[in-house]
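Below: the structure, in structure tokens.
The values are calculated or read from the model by the stated rules, or taken from the named source; none is laboratory data. Since the model is a prediction, treat every value here as computed from it, not as a measurement. As a convention, Cβ positions derive from the backbone with ideal geometry for all residues, glycine included, and neighbour counts pool all protein chains shown. In case anyone asks, the SASA skips ligands and DNA or RNA and just uses the protein heavy atoms, side chains included. Shrake-Rupley method; radii C 1.70, N 1.55, O 1.52, S 1.80 Å.
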Amino acid sequence: MAQVESANLNPETVLAEMKKNGVTHVVWLPDSETNWLYMLMKNDPELDLIPVSREGQAFSVAAGLSVGGKNPVILIQNTGMMESGDSLRGWCLGMNIPVVMMVGYRGYTRHGVNSDTAATYTERFLNAFGIQYYLVENDSDAERISVAFEEAQQTKRPVAILVGDEYHGFH
Amino acid sequence: MFQTADMLNIFQKYRGDAVVIPGRGGRHWIDISTNEKKDIPLGDPAMGGHASFGMGLALAQPDQKVVLFDSEGDVLMNLGALVTIAEKAPENFYHFMLDNECYATTGGQPVPNAQNVAYDVIAKGAGYTRTYAFDNLEDFSNNIEEILSQPGPVFVAMKVFPHIENEPIGARRRWQTRTRDQVIEDVQQQMGVSN
């Protein structure tokens, strides 16, 4: 059983990384990769959840929070990230906002042929915008989340975490 | 309808120590404001995002009154922002909207259904508890003090005359006097924020 758990990315692990890095607000729109994380976040009094109805909105919300001295994280799916291109450009890249965006990597598969174009274009999109990204598939990758936070602060730019695993509930 | 500059001249009397995001009113506000370092003239980072930016700033600085002069074109691009603002309900956020019924900076083409949209009703339906709509300056003038003295979030739709631009973008007068980086640095200093 322990081996099965270590192959997953547990929501407790992600939440611990957020708190370790001083996240104050989670600007988010639900997706299948973050559903279980939501259950944890909404019960955490130290986190303020800001729900958006279109992902592009998340980048201007994050910019306002950051200018106001807070430390938001953006939690969205790759489909919504791609819809958000101009908002990402103008409100975060254009304003030097140090924000981590955790992006559900819909369609990602380590093995075999990728059949979901959401995955096909995800890394190409990030490369087009010159945004550094780190793949996180299971708990053993979780340190990369801290790396992303540190890099965002140092470069004053958005940095992406690609969440390559759907959450599997609590353990 | 009324002139944006006339409205801003009246607003200035009641501004207090509010942070002002002048949005599409920026070119007028820069000659009216008496507290430039608390102004956030961002130009147009990406259309449709000003309301969300203003809400984020208000949530981050709950003791700081934040006033936004949005536009109907921006609001239409991201109507969903209204429901997020209504849910988070920052009491220090004052959401004014300039409705000139067109895209003035691209030549004055009408926004969809330009003359028939009740933006205050949309905001009310999204969950704003206080909304207003003004199409004459006297009514605005009679209400602005009360609007700013009560808690937000409040939505104020205003019919204003368009200032249509047809010059090539490169030939237009640049009204900003500070870079975006300087604007952010100035307002953060005023708010006591160090990043």
Dipole check, chain B, charges on Cβ (K,R +1; D,E -1), about Cα centroid: among B:Ser194, B:Val20, B:Asn116 the Cα furthest to the positive pole belongs to B:Ser194
Which FRET efficiency value, to the nearest 0.05, is calculated for B:Gln3 and B:Val121 with the Förster distance at 35 angstrom and r the Cβ-Cβ distance? 0.90
Mean other chain Cβ within 10 Å across B:38-51 is 5
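Give me a single rounded figure for B:53-65: the average over its residues of other chain Cβ atoms within 10 Å of their Cβ.
6
Sort the range B:4-191 into rounded, prolate or oblate with this rule: let a ≥ b ≥ c be the square roots of the eigenvalues of the Cα gyration tensor; rounded if a/c is under 1.5, and if a/c is not under 1.5, prolate when a/b is larger than b/c, oblate otherwise.
Since a/c stays below 1.5, the shape of the range B:4-191 is classed as rounded.
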Accessible area of chain A divided out per residue, in Å², using a probe of 1.4 angstrom: 41 Å²
With a point put 7 Å past each Cα toward its Cβ, work out how far B:Glu167 is from A:Ala16 in nm, to one decimal. 6.0 nm
With a 1.4 Å probe and all protein chains left in place, how much of the accessible area of the protein assembly as shown comes from carbon and sulfur atoms, in whole percent? 47 percent
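Given a Förster distance of 45 angstrom, what is the FRET efficiency for A:Ser115 paired with B:Tyr14, based on the Cβ-Cβ distance and rounded to 0.05?
Computed FRET efficiency for A:Ser115 and B:Tyr14 comes out at 0.15.
If you take the accessible area of A alone plus B alone and subtract the pair, what total do you get in square angstrom, rounded to 100, with a 1.4 Å probe?
Buried area between the two chains comes out at roughly 2000 Å².
Using a Förster radius of 22 Å, what is the FRET efficiency between B:Glu138 and B:Thr177 based on their Cβ-Cβ separation? Nearest 0.05, please.
After rounding, the FRET efficiency stands at 0.10.
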Among residues of the range A:94-124, a drop of 40 Å² or more in 1.4 Å probe accessible area, assembly relative to the chain on its own, occurs for A:Met95
Once you put a point 7 Å from the Cα of B:Gln188 and another 7 Å from the Cα of B:Leu76, both along the Cβ direction, what distance in nm separates them? 3.6 nm
Computed over chain A, the relative contact order (Cα-Cα under 8 Å, seq sep at least six) in percent reads 30 percent
Per-residue SASA entry for A:Ile131, accessible area with 1.4 Å probe, Å² rounded to 10: 10 Å²
Number of partner chain Cβ atoms within 10 Å, mean per residue of B:83-93: 2
Tell me the mean residue ellipticity at 222 nm calculated for chain A from its helices only (DSSP H runs of n ≥ 4, each -39500 (n - 2.57), averaged over every residue, nearest 500). -11000 deg cm²/dmol
Please turn the phi angles of the range A:38-52 into ³J(HN,Hα) values with the Karplus equation 6.51 cos²θ - 1.76 cosθ + 1.60 (θ = phi - 60°), one per residue in order, whole Hz, x for glycine and proline. 4, 4, 6, 5, 5, 9, 9, x, 7, 10, 9, 8, 10, x, 10
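Please state the charge dipole magnitude for the range B:4-191, taken about the Cα centre, from unit charges on C-beta atoms (+1 on K and R, -1 on D and E), reported in debye and rounded to the nearest 20.
Numbers: 16 positive and 25 negative charges, 65 e Å.
I would put it at about 320 debye.
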Under 5 Å between amide hydrogens, which residues at least 5 positions from A:Leu49 or on another chain qualify, with H placed 1.01 Å from N in the peptide plane? A:Val26
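For the range B:4-191, what relative contact order do you get, as a whole percent, if you take Cα pairs closer than 8 Å and at least 6 residues apart?
With pairs under 8 Å counted, the relative contact order is 25 percent.
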As straight-line cross-link partners of B:Lys159, the qualifying lysines (C-alpha separation under 20 Å, not fewer than 8 residues apart within one chain) are B:Lys124
Mind checking which lysines have their C-alpha under 20 Å from A:Lys20, skipping anything on the same chain fewer than 8 residues away? A:Lys42, A:Lys70, A:Lys156
Could you work out how far apart the two model spin labels at A:Ala7 and B:Asp63 are, taking each label as a point 7 Å from the Cα in the direction of the beta carbon, and quote it in nm? 5.3 nm
Can you tell which of B:Met47, B:Met158, B:Met55 shows the greatest fluctuation in a Gaussian network model of chain B with Cα springs below 10 Å? B:Met47
Cut-off 17 Å, label 7 Å out along Cα→Cβ of A:Ser146, residues of the range A:14-45 by amide N: A:14-23
Ignoring ligands and nucleic acids, what accessible area does A:Trp36 show with a 1.4 Å probe (Å², nearest 10)? 100 Å²
If DNA, RNA and ligands are ignored and the probe is 1.4 Å, what is the ranking of A:Glu143, A:Glu17 by accessible area, most exposed first? A:Glu143, A:Glu17
